[in-house]
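S.K.: Sharing a structure with you now.
The values are calculated or read from the model by the stated rules, or taken from the named source; none is laboratory data. Please read all numbers here as calculations on a predicted model, not as lab measurements. Glycine also receives a Cβ, built like all others from the backbone with ideal geometry; neighbour counts cover every protein chain displayed. Each accessible area value is taken on the protein alone, full model and side chains, heavy atoms only, with ligands, DNA and RNA left out. Shrake-Rupley method; radii C 1.70, N 1.55, O 1.52, S 1.80 Å.
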Amino acid sequence: MAELRGFVMAAAAAVMVVVAVVSVAPRGAEAKTTIEPCSGSDSCTALLGYTLYADMKVSEVAALFAADPAALLAANALDFGAPGAAHRILPMGLFVRVPTRCSCADGVRKSVSVHYAARPADTLATVADVVFAGLASADQIRNENGLTSTDPDAPLDAGQKLAIPLPCVCFNSSDNNLPAVYLSYVVQVGDTVPAIAASYETTVTDVMNVNAMGSPVAAPGDILAIPLPACASTFPKSASDHGLIVANGTYALTASNCVQCSCGPDSLNLYCTSTSLSGSCPSMQCPNSNVMLGNVSTHPTSAGCNVSTCNYGGFVNGTITASLNAGLQPRCPAPHQFPALTEPPTILSHDSTYLPPLSAPGPAEAGGVMPEPGSPGPGSPVQAGPFTLPKVSTANGPAGSVSAASLMDRPLQILPVLVSCLAFYSQL
């Protein structure tokens, strides 16, 4: 019996050591971010991969990143025209693509338009790791704001304004000489580079080249630039939406939300048409014709098909420009296929990797209430099915993905059993 008691005590001590290592290892890791040197004042369209830390309204997520709610929905092929779409509540753990402008600041590419007002109990660590889901580090936020405190866990003053530098790259909005928009992706526990590449329909070699990696290995917390196939515009430099680029399978809004431009799924040609999001949009009719913006008029003839198309040409000096293109084609084109729009999700199937942060602040609005650990966020919806946008799923990912979640959780599952056994045998 003494030998058995000794074995149990040794096993319990060993598990305690494992739990201690697991709990502190992620904090000591040094994350890496892809840096693109630059000069001048040009910018490009980029995407930030963001995982919601709580149930949040679409408008709250948009406000956190200084983005337009409709543009946020459009970038994720969610129904941006649905009534009340900006007030829909998205579930904690949902991964979304946030559109941003990637500027040249301090000689490198980064997004510098986001500002955050600290709330009670906020620290640099929670703002970086929880609120912004690892897109910025505590050190980066400290340096950007000239703060002197080196303790990332020191409480911030409530209401303190912070500029949040966020990672992005342009690389001339191209990849292998093809149009591309770049997504900043925070590597999660269990991710592998092959799984990430497969998830975004690119190659390991391409991901390595873009991120200047010496080997196909990325650590949790690293931020990789992922090239997404896209449709590029040819609007003149005089247009305010010059350089507009749209990731395949999604939409972008322009011209004061009067015009929607989509990419795919049938081709990587930008296709722009009118929207009904704004009630003050001007006429969308092409000059000297009855064809409306984005519409195609066809007339079959014995020699082929006469095709007339009203094409969007950019937003110039507050005016929507459009031109009529007419020509003879061998046959009439099929109706244009738009990327499928889905309803904003309300429920997410959480896997063991995406547990609610124990110290997560409340929703991104002034006076938000801090939720209880593990409790659903405010206004938790009760309908719709499980949903997640394209990203790496460490539990059910593509071939090559590896999840460390079960290994991380196992010591925590075994520990109570061993402690109970220890207590039982200590009484014998």
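S.K.: Could you look at the range 97-231 and say what percent of its accessible area is carbon and sulfur, using a 1.4 Å probe and all protein chains?
M.R.: Carbon-and-sulfur percentage of accessible area, whole number: 53.
S.K.: For the range 239-343, give the percent of accessible area contributed by carbon and sulfur heavy atoms, probe 1.4 Å, rounded to a whole number.
M.R.: 48 percent
S.K.: Protein chains only, probe 1.4 Å: how do LEU268, LEU52 rank by accessible area, largest first?
M.R.: The residues order as LEU268, LEU52, largest area first.
S.K.: State in Å² the accessible area per residue of the range 199-294; use a 1.4 Å probe, count heavy atoms of protein chains only, and round to the nearest integer.
M.R.: I get 45 Å² per residue for the range 199-294.
S.K.: So for the range 182-321, Kirkwood radius off the Cα pairs, Stokes-Einstein at 37 °C and 0.692 mPa s: how many µm² s⁻¹?
M.R.: 185 µm²/s
S.K.: To check my understanding: the extent here is largest minus smallest coordinate of the Cα atoms along each principal axis. What are those three numbers for the range 176-222, in Å, largest first?
M.R.: Taking the Cα atoms of the range 176-222, the three principal extents are 32, 19, 16 Å.
S.K.: Kindly state, to the nearest 0.05, the FRET efficiency for SER289 paired with ALA105, given R0 = 56 Å and r defined as their beta-carbon distance.
M.R.: 0.80
S.K.: If you count only protein heavy atoms with a 1.4 Å probe, what accessible area per residue comes out for the range 26-123, rounded to a whole Å²?
M.R.: Heavy-atom SASA per residue in the range 26-123 reads 38 Å².
S.K.: Turning to a different aspect of this structure: Based on the Cα coordinates of the range 112-202, what is the per residue volume of their convex hull in Å³?
M.R.: 118 Å³
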